[in-house]
Amino acid sequence: MKGYILAAGEGLRMRPLTSNIPKPLLSVAGKPFLEHNIGALKAAGIKDIILLIGWKANRIREHFGDGSEFGVRIEYVEQKERLGTAHAISMIRDMVDSAFFCLYGDVVLTHGAVKGIVAHHRKVKGSVMALTSVPDPRRYGCIRVRDGVVADITEKPEVPEGNLVNAGAYVLEPAIFDAIAETKKSVRGEYEVTDSFRIMMARSHIYTHLLSGEWMDVARPWDLLEANRMLMEGLEAKVEGTVSDKATMIGPVRVGKGSEVMAGSYIVGPAIIGRDCRIGPNAYIRPSTSIGDGCRVGNSVEVKNSIIMDGTKVPHLSYVGDSVIGERCNLGAGTKIANLRLDEKEVMVVIDGKKTGSGRRKLGAIMGDDVKTGINATIDVGTIIGENSFIGMGALAKGTIAPGSKVF
């Protein structure tokens, strides 16, 4: 069986993190998002993989190459025009001659979930749609099930009938291509795979498989924090760098080659430290923190439940909590990122001038690449800072700050 991962999107909703890097290469739990998906397919025995690429396609090609470094074989299909999910799936018609595993590139699945979908396909010998249950299904395609098969699909209903939604993972028989060929453009001007499924359902069953365990769809930058937590579960400790005998590590912690954990540092896993990093002295790193390559976390710095990407420096006396910090940022001494409202209610985020609920009680900053802060800068809860911005010493940053801004 071949695997097909749809990873061509521009990731506009993930800005500012995707201003310089395609969404599939955003770092989560110590490696690019897409690398986790490839690993899940490989764990299920799927080693022939096709990647649909588009935005900054060359960067994805350069990272994954032919796949041999990752124990798989990778072919590429480049989507020049975004004409909908059905169009994206149709692009591999001449590359598969049997059932194939199709996965949306922004979905997080556990290894066990992928294995379960494949096993169910082998049992029912037909197309399979993975389902999951969510608290608020209005953002998704809601599925009505009868006797283990899809009975109806309703896209983003205002009043959902239930909580079961399309999980964005399928095993599809080649009959999908004939259905896509008959699919007409939707009112959005795209070829929707939902319409293709309805054509298929009139001819044969689409079986359903309810996922066990966690699932999520990474739609906004702060979703990376939950994905990071999920993907770090079951982390195994591994130390390839140098750890002072006066440092403390509790639980599963990974320390990459060339990295140094200095005296007085206290790290509680699961936590990942990349290659060529310097941690401490006296740094405190709390669970579900992922630190990229070439980073510096210095004296008396505390980092909690955050993603810090390659080349970023948090040198001294700063606090970073529940935040995603882009590449090559530099936080001046005493920079503090707030992550909890005084009333402890849901953190609101300003998107396109409108306040939007983040769904999180704790959320710090979403910071693009190459941002710098001066000493004693303060960043309010739920702040989004565009790339190449500067937050001056003693300044307060809040709301959404456009790329290239200076805040004094």
Taking segment 268-290 as the search range and keeping residues that are buried (at least 22 other Cβ atoms within 10 Å of the Cβ) and touching a Phe, Trp or Tyr at 6+ places or on another chain (Cβ under 8 Å), which one is farthest from Leu231 (Cα to Cα)? Ala283
Restricting segment 113-144 to residues that are open to solvent by 50 Å² or more (accessible area, probe 1.4 Å) and among the small types (Gly, Ala, Ser), the one nearest to the chain's Cα centre (by Cα) turns out to be Ser133
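Could you tell me which of the residues Ala263, Ala237 is open to solvent by 30 Å² or more (accessible area, probe 1.4 Å) and either at pLDDT below 95 or within 26 Å of the chain's Cα centre (by Cα) (or both)?
Numbers: Ala263 fails: either at pLDDT below 95 or within 26 Å of the chain's Cα centre (by Cα) (or both).
The match here is Ala237.
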Among (1) part of a loop (DSSP other than H, G, I, E, B); (2) surrounded by 19 or more Cβ atoms within 10 Å (Cβ to Cβ); (3) of a type outside the set (Phe, Trp, Tyr); (4) at pLDDT 90 or above, which single condition is Asp66 missing? (2)
What are the residue pairs meeting all of these: first residue in segment 71-87, first residue loosely packed, with under 14 Cβ neighbours inside 10 Å, second residue in a loop (DSSP other than H, G, I, E, B), Cβ atoms under 6 Å, and 6 or more apart or on different chains? Arg73/Gly67
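Quick check on segment 229-236. Is at least one of its residues under 19 Å from Ala29 (Cβ atoms), of a type outside the set (S, T, N, Q) and in contact with a His (Cβ under 8 Å, 6 or more places away or on another chain)?
Quick first cut of segment 229-236, residues under 19 Å from Ala29 (Cβ atoms) only: 229-236.
Remaining after also requiring of a type outside the set (S, T, N, Q): 229-236.
Then drop every residue that is not in contact with a His (Cβ under 8 Å, 6 or more places away or on another chain), which leaves 231.
Yes: segment 229-236 contains one or more residues that are under 19 Å from Ala29 (Cβ atoms), of a type outside the set (S, T, N, Q) and in contact with a His (Cβ under 8 Å, 6 or more places away or on another chain).
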If you go through segment 352-371 one residue at a time, how many are modelled with pLDDT under 90 and either in a loop (DSSP other than H, G, I, E, B) or open to solvent by less than 10 Å² (accessible area, probe 1.4 Å) (or both)? 4
Can you give me the number of residues within segment 124-182 that are assigned to a helix (DSSP H, G or I) and in contact with a Pro (Cβ under 7 Å, 6 or more places away or on another chain)? 2
Would you pick out the residues in segment 186-225 that are open to solvent by less than 30 Å² (accessible area, probe 1.4 Å) and of a type in the set (A, V, I, L, M, F, W, C)? Val193, Phe197, Met200, Ile206, Leu211, Met216, Val218, Ala219, Trp222, Leu224, Leu225
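When residues of segment 90-111 are filtered for being farther than 20 Å from Ser27 by Cα and either over 21 Å from the mean Cα position of the chain (by Cα) or among the aromatic types (Phe, Trp, Tyr) (or both), how many remain?
Residues of segment 90-111 farther than 20 Å from Ser27 by Cα: 90-102.
Keeping just the survivors that are either over 21 Å from the mean Cα position of the chain (by Cα) or among the aromatic types (Phe, Trp, Tyr) (or both) gives 90-101.
Adding up the residues that qualify gives 12.
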Given the conditions (1) in a strand (DSSP E or B); (2) more than 25 Å from Ile38 (Cβ to Cβ), which single one is not true for His209? (2)
Just checking: which of the strands (runs of 3 or more DSSP E) contained wholly in segment 301-349 hold 2 or more residues that are open to solvent by 20 Å² or more (accessible area, probe 1.4 Å)? 302-304, 313-316
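The values are calculated or read from the model by the stated rules, or taken from the named source; none is laboratory data. Keep in mind that this is a model prediction, so the values were computed, not measured. Glycine gets a Cβ as well: all are built from the backbone with ideal geometry, and neighbour counts include every protein chain shown. Surface accessibility is based on the protein's heavy atoms, side chains included, excluding ligands, DNA and RNA. Shrake-Rupley method; radii C 1.70, N 1.55, O 1.52, S 1.80 Å.
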